[in-house]
1. Would you mind giving the mean number of other chain beta-carbons within 10 Å of the Cβ of each residue in D:8-21, as a whole number?
2. Counting partner chain Cβ atoms within 10 Å of every residue's Cβ in A:223-235, what's the average?
3. Once the label point is placed 7 Å from Cα along Cβ, list for C:Val35 the distances to the corresponding points in the other copies, in nm, shortest first.
4. For the range D:156-318, what class follows from the C-alpha gyration tensor (a ≥ b ≥ c being the square roots of its eigenvalues): rounded when a/c is under 1.5, otherwise prolate if a/b is larger than b/c, else oblate?
5. Whose amide H sits under 5 Å from the amide H of D:Gly84, counting only residues 5 or more places off or on another chain, with H placed in the peptide plane?
6. What are the ³J(HN,Hα) values, in whole Hz, obtained from phi via the Karplus relation 6.51 cos²θ - 1.76 cosθ + 1.60 with θ = phi - 60°, for each residue of the range B:54-61 in sequence order, with x given for Gly and Pro?
7. So what does D:Ile144 come to for accessible area, using a 1.4 Å probe and Å² rounded to 10?
8. Of the cross-linked pairs B:Lys194/B:Lys347; B:Lys45/C:Lys194; B:Lys291/C:Lys347; C:Lys323/D:Lys323; B:Lys45/B:Lys183, which ones have a Cα-Cα span greater than 31 Å in the structure shown?
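The values are calculated or read from the model by the stated rules, or taken from the named source; none is laboratory data. Computed from a prediction, not measured in an experiment: that's the story for all the values here. We place every Cβ from the backbone using ideal geometry, glycine too, and count neighbours over all the protein chains shown. Side chains included, ligands, DNA and RNA excluded: accessible areas come from the protein's heavy atoms. Shrake-Rupley method; radii C 1.70, N 1.55, O 1.52, S 1.80 Å.
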There are 4 protein chains.
Amino acid sequence: MGNLRRVPVGIVGASGYGGVQLVRLLMDHPEVELVYLGGESSAGKTFADLYPHLGNIVDLKIEAVDPEIIASRCEVVFLSLPNGLACQITPQLIEKGSKVLDLSADYRFSDLATYIIWYGTQRSDRSIAATAVYGLPELYRDRIAESQLIGCPGCYPTASLLALSPLLKQGLIVPETAIIDAKSGTSGGGRQGKINLLLAEADNSLGAYNVARHRHTPEIEQICSDLAGHEVTIQFTPHLIPMVRGILATVYATLRDPGLVRDDLITIYTAFYRNSPWVKICHSGTYPQTKWACGSNACYIGIEVDPRTGRVIVMSAIDNLIKGQAGQAIQCMNVMLGWDETLGLPKVGFYP
Amino acid sequence: MGNLRRVPVGIVGASGYGGVQLVRLLMDHPEVELVYLGGESSAGKTFADLYPHLGNIVDLKIEAVDPEIIASRCEVVFLSLPNGLACQITPQLIEKGSKVLDLSADYRFSDLATYIIWYGTQRSDRSIAATAVYGLPELYRDRIAESQLIGCPGCYPTASLLALSPLLKQGLIVPETAIIDAKSGTSGGGRQGKINLLLAEADNSLGAYNVARHRHTPEIEQICSDLAGHEVTIQFTPHLIPMVRGILATVYATLRDPGLVRDDLITIYTAFYRNSPWVKICHSGTYPQTKWACGSNACYIGIEVDPRTGRVIVMSAIDNLIKGQAGQAIQCMNVMLGWDETLGLPKVGFYP
Amino acid sequence: MGNLRRVPVGIVGASGYGGVQLVRLLMDHPEVELVYLGGESSAGKTFADLYPHLGNIVDLKIEAVDPEIIASRCEVVFLSLPNGLACQITPQLIEKGSKVLDLSADYRFSDLATYIIWYGTQRSDRSIAATAVYGLPELYRDRIAESQLIGCPGCYPTASLLALSPLLKQGLIVPETAIIDAKSGTSGGGRQGKINLLLAEADNSLGAYNVARHRHTPEIEQICSDLAGHEVTIQFTPHLIPMVRGILATVYATLRDPGLVRDDLITIYTAFYRNSPWVKICHSGTYPQTKWACGSNACYIGIEVDPRTGRVIVMSAIDNLIKGQAGQAIQCMNVMLGWDETLGLPKVGFYP
Amino acid sequence: MGNLRRVPVGIVGASGYGGVQLVRLLMDHPEVELVYLGGESSAGKTFADLYPHLGNIVDLKIEAVDPEIIASRCEVVFLSLPNGLACQITPQLIEKGSKVLDLSADYRFSDLATYIIWYGTQRSDRSIAATAVYGLPELYRDRIAESQLIGCPGCYPTASLLALSPLLKQGLIVPETAIIDAKSGTSGGGRQGKINLLLAEADNSLGAYNVARHRHTPEIEQICSDLAGHEVTIQFTPHLIPMVRGILATVYATLRDPGLVRDDLITIYTAFYRNSPWVKICHSGTYPQTKWACGSNACYIGIEVDPRTGRVIVMSAIDNLIKGQAGQAIQCMNVMLGWDETLGLPKVGFYP
């Protein structure tokens, strides 16, 4: 049984942290074979040139990016590129029949006008973009299963939306009171030599950035609006935390019904996510630590109600590089190919 | 000139992180002489037994705690004890004429009923407690100058209140919309062998704790109510951050006047704190990093307005062991003794 | 094929960091089923009581430790107990037919007199102890395959011996010149509330401990002596590093033949470890980072020769909880059961 | 009293970590006034543009580097520049009468041929260079007092030489057996955007670099040779540690007299450093943590003897940016100007 023929998959943009996680996870996936790694600046190098510890483990070379060749070799293509590049090669990949999972922002927006405002890039692929599905399986599992093009969510939106969705979908909160105070490890900033990401600067320090103007805001609002059934504006503040991996989103909102208690909400969340194996609702009185999720594709959600203020506080913890990036893309692939959603993904965190 | 006679000061409870900071800072203070260290469990030890790096630097022994003897030797006494102990020796110290700066929660509450509910301890020192002043010089400088007993603020309240005070005092926000999302290094948990404070557990992780029930909530609310002129309820959520020192409070509130812009608020804050040398208002568009404050007694405040949501977001960063604890107590002492508020306190952070 | 019947395995002492790694790795192992978790102090608890993130993932209860029952249910038993306890239950487990892998020091010494001197515990299981094999498969693969009782190596000895073995076995160095300067993350200190392991103490600090008297010294010397064919005395110094996981051993020794160059030694090491899939020899001029190994069972070895001093410097990096503990025990189990040595063990590090 | 007239001092190359430490420490120095900051790439900026937390604290502008102007305004000039630049402006500064303390490697070598081999730069300032004194006051206090030009030691050599000097000076060890295994925080790599210094790469990892070829090797050997009275070759290996600040040097050497015990050596070290207030010899059985030294100008030295191997192991801990860089330069200035060696320098570490 099994694996008589593995599905050939490729990665374009394999040199960053998203790329190396995709490589690691896809190598261990029982139903796929990693056959292609592509990149512009690193073309010609071996993967071990970029990551010496993978010498003799990953023996693929980074190849130049030619959509026609990629499509001829890969049934599934993961794009892990800076914003504004995926939209240049995706139309060809789609036309040639590959399934495409884009990890950038290019295919996350149903309304390209929003993308253009926040990302400052014009687009000529409107008809293709219109076919893309937002790759959060917990919300859009059925549409992902039928799609050929997935715009995988950002790391912050993943943690934020999993925390907010049951509340918005079921009309339990006043949407405009929602505030997301999000905290991320520095690997979210990518593998690039920026001063503020140096250990000497970022370690033993903490600060907010892009307050009131982070690009993940419209992405979160788009899905929140879809869930609420009307336009929703959200307060979102990201912070850089002195750790490598992990995101915690602390979400505040005012309950419409002040009589709801913590255990009511735990029941509601548990029901909402009953078919979502990667979402773990914490026991009453327990709040998640990001370390619980590090190394796994799980999202841990803790819930509290403050009867003094009438607010619900929801905390959600993920590994920003797995459920927030590479793992979620693979989860989407599993759904697209009709496989078990958990296939090939780590269930237990790396703890400690 | 100077130092013809230094003021004799003592510390009761010198073994913890607050204590070792008090020792370090008082040793460098030009107008005082550290003449007494007291503690119950460590009585008889030298300070170097507890902190080997201070051998030959601090040559005081830890003595047993006898209020009469302490008062006879110290004009000023710092109490750095677990909650519920300061109130047992303070009456005697006050009676004998010492000035007392208590770093615990015992003298922070003007209404002891609130203290008793949140701290679960009965009190028999009501008349003394009624004379205590809340030791946040930026708000209560004049009263501190005239008081003999100071209840020094908690670390979280210090960061939170410095961020909120101008808004509340001037009626700029709807008070019940205020949310404080606070983040602290693990030294705030003290020098005790708790599993959750181990490096192996706390490093590269992040989580909230005591959500909707942290004891600093009523302390913050008491001062906010004083500033607003009526009862105010506040949402406060603390988080443990994988770093040794530092607190960042990210404060959200809805502006009454949606026409206010960021620079209006920067002007207002700058004016509000014009006589407060330890508060540093960041330039427009700049947000504080906790590392800026580490090692100094400064509080850095950054301000943002989100015109999309009508909220102000204020970020304040302190060193939890200095402005949040030992440094602030010394700042209060400076005020009590009529000295310059900055005397003997580090102005520039330890950066990087 | 496969898994028609999985081998039932158990863990005694599952609550520590070694235990939780064993649980995580054994759950993903394709040929075994984890059927038993045992512990004294935590008997009656679920594993999720100890590690909340494993709720709904590991649903075994911790049971009391009864060797007869354990042996009746488990073909293979991992003992992850403090030193001096394994030797109390192992004789019964062996007698009843279980294969035993002990992660403590109890069965590492061929000469119990050495154990008794360094560990201060008397022993009444000499005949059983005499059958134990030292569980370093790279050196004792054949004997492990035929044994029923394995004394798994300490974390420091694993890194140290993999670095030193080719040099000693082939007589390339003057043995008494060997110095091992070893550095470990704090998880090696276990999940216990010790002051010196607190984040506030251990983070951003570094120090040596147990200099010239660490208990891993005689363990390293025993194997070095076996390799050299005569008694060897080794200098070993451990250091605590501000990180969770990982060990780096920097090994210095004087070459007998001053004409040997770096690439000669790389060739020799590569040949020595040609049948050892978990040992990765770095390219010429490349030195290992512990992060490369974190999360995998690999040991990365880098080699340098200093022609000015005539010394070889060998650096070896492992994950102290995997190749240094749980992973190596599973590697030994694979060898004992005739399986591929790499079965069920992670090949690629968790990087970054 | 005093300070009737403070000595005017300047810093060339103030933008890096060494520079910001010099600024912080010189601002607090009671006998000097910081009147000049110079830099090429940052000329025209305020210091607060580089370090926003110093707005309103340091109000100097970075000026272009004109030696004539600098010398006219500064009695003492600190040069904190990349290697090979100080030697271009020092001759003019010296000629105009300024005292110069160079923190780069340019004036550390009495034999410029060694400098040229290891640093690859030609030199045209031989006569000036010949007047430079190596700025380690514990060894060369008298010569520093009489010199106009100081080549301040590197960070690794400072920790290494303070550990080795008593042994070499008194002929207690076989010099060629000396091995220095050194560990440094990442701030030693400077404030530049290098991938390997990113938090995501360097945190929770550890590795050696420049093995057998680090440029601090000849610097250490030069002083060791001076102490021993003949040419000495030393083994030196640096490691990058996941922390911001601090160096630990673990030094191994074979004792000539195997009868020496630990307390003999503690006595010898204590006597050797009896006039060196910054060197702290640890009590018997105590080994230094780098955290002890962080924030102070102290060097903590711990000593152990291994009777089994006949070796002495000396551990020395410093703050790489203070005793290893800026603090030591100021200590040298104090000596040059006839002040107390401890003037203006922090005695107690920042702990925790």
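1. 1
2. 1
3. Reported distances to equivalent positions: 4.2, 7.5, 8.6 nm.
4. It comes out prolate by the Cα gyration axes.
5. Close amide H contacts, sequence-distant or interchain: D:Ala105, D:Asp106.
6. 9, x, 6, 10, 10, 10, 7, 8
7. 0
8. Long pairs (Cα-Cα over 31 Å): B:Lys194/B:Lys347; B:Lys291/C:Lys347; C:Lys323/D:Lys323; B:Lys45/B:Lys183.
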